[in-house]
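Trainee: This is the structure, below, for whatever I ask next.
Read-outs throughout are calculated quantities, based only on the coordinates presented, and are distinct from any laboratory measurement. Quick caveat, the model's predicted, so the values are computed rather than measured. Cβ atoms come from the backbone with ideal geometry, glycine included; neighbour counts cover every protein chain shown.
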């Protein structure tokens, strides 16, 4: 079966079923990673490198074994790609925040947004909740959709598994606090390397399906000011494509972080959350179109 059809089926499966609430493979991987961290984390970088290898290598070997054993590998590819992407879950979380804001239920909106961002949300006003949600939608469009597709296209199932597990380890260990500063360094750097090209393709995708000129201008002028080398292009281009202003002051673990301004034109409103979700969906449609077209041209 060709790659375009596999990717399309995985997206259809996600649309129909959404993200599994229980028994998701990444939940099991999280327990495995937590056990490794408890045993190995004494604050040294070499232990973080070892932990990343021990966390990921067994699953890469398992994928190699399954590829060798299973005849119809396209079914395995559809299922694993379905587990690796989460466009419906991303949309549902964002829409829940938007609904609460439209109903003027700020407490509910704060609770909903706290499920998708790492910043402190209890003191956010409606504007802060809106910005946090849109930023999460744009950044996770790359992390939870496009980067996974990129690595599957580039390196097949091993590439897909490597990326998804590395990205999960970064989410678990990649914090710049006392406990994870040195141990989580390897996971964070691996995620940065694996996301470098996908992030820029995601930024280009957002620009292509949004306001192109503002997106490109924001990307080129503002991305380098952001603290993350990959989130910067994605969020700047996404904000420009939507013609909204993101960034600014945020609170993390009781500390104030003054972040650069991204995007242009207008401060976002609750309705812009839906526009951000639609932007990600249009970008996904563009990717599927290009993948299917590429299959047809190379057939």
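Trainee: Would you kindly state how much longer the chain becomes between residue 16 and residue 296 on full extension, computed as 0.36 nm times their sequence separation minus their alpha carbon distance, in nm to one decimal?
Mentor: Numbers: separation 280, 0.36 × 280 = 100.80 nm, distance 2.59 nm.
Answer, rounded to one decimal: 98.2 nm.
Trainee: Then there is this: At 0.36 nm per residue, and after removing the present C-alpha to C-alpha distance, how many nm does the segment from residue 75 to residue 115 gain when stretched out fully?
Mentor: On the way: separation 40, 0.36 × 40 = 14.40 nm, distance 3.16 nm.
Extra length from residue 75 to residue 115 when fully extended: 11.2 nm.
Trainee: Can I ask one more? Between the range 111-171 and the range 176-239, what is the separation of their alpha carbon centroids in Å?
Mentor: After rounding, the separation between the Cα centres reads 11 Å.
Trainee: Ranked from highest to lowest mean number of other Cβ atoms within 10 Å per residue, what is the order of the peptides 182-190, 206-214, 289-297? It would help to have the intermediate numbers written out before the result.
Mentor: On the way: 182-190: 21.7, 206-214: 19.6, 289-297: 13.0.
Listed from highest to lowest mean packing, they are 182-190, 206-214, 289-297.
Trainee: Determine, for 218, 91, the number of other Cβ atoms within 10 Å of each Cβ, and report the residues in order from fewest to most.
Mentor: Working: 218 30, 91 19.
Arranged by neighbour count, lowest to highest, 218, 91 become 91, 218.
Trainee: So how far apart, in nm, are the two label points at residue 213 and residue 105 if each is 7 Å from Cα heading toward Cβ?
Mentor: 4.2
Trainee: Follow-up question, since we're still on this one. Using Cα pairs under 8 angstrom and six or more residues apart, how large is the relative contact order of the chain, in percent? Before the final figure, lay out the partial values.
Mentor: Numbers: 438 pairs, mean separation 61.5, N = 299.
In percent, rounded to a whole number, it is 21.
Trainee: With each label point set 7 Å from Cα along the Cα-Cβ vector, what nm distance links residue 8 and residue 122?
Mentor: Taking the two extended label points, one gets 5.0 nm.
Trainee: Further, regarding this structure: Defining a contact as two alpha carbons under 8 Å apart and six or more residues distant in sequence, what relative contact order in percent does the range 145-278 show? Write down the numbers at each step before the final one.
Mentor: Numbers: 198 pairs, mean separation 22.5, N = 134.
Value for the range 145-278: 17 percent.
Trainee: Cα centroids of the range 257-284 and the range 24-46: how far apart, whole angstrom?
Mentor: Here the answer is 34 Å between Cα centres.
Trainee: Between residue 39 and residue 269, 0.36 nm times their residue separation minus their Cα-Cα distance comes to what? Write down the numbers at each step before the final one.
Mentor: Details: separation 230, 0.36 × 230 = 82.80 nm, distance 4.57 nm.
So the extension gain works out to 78.2 nm.
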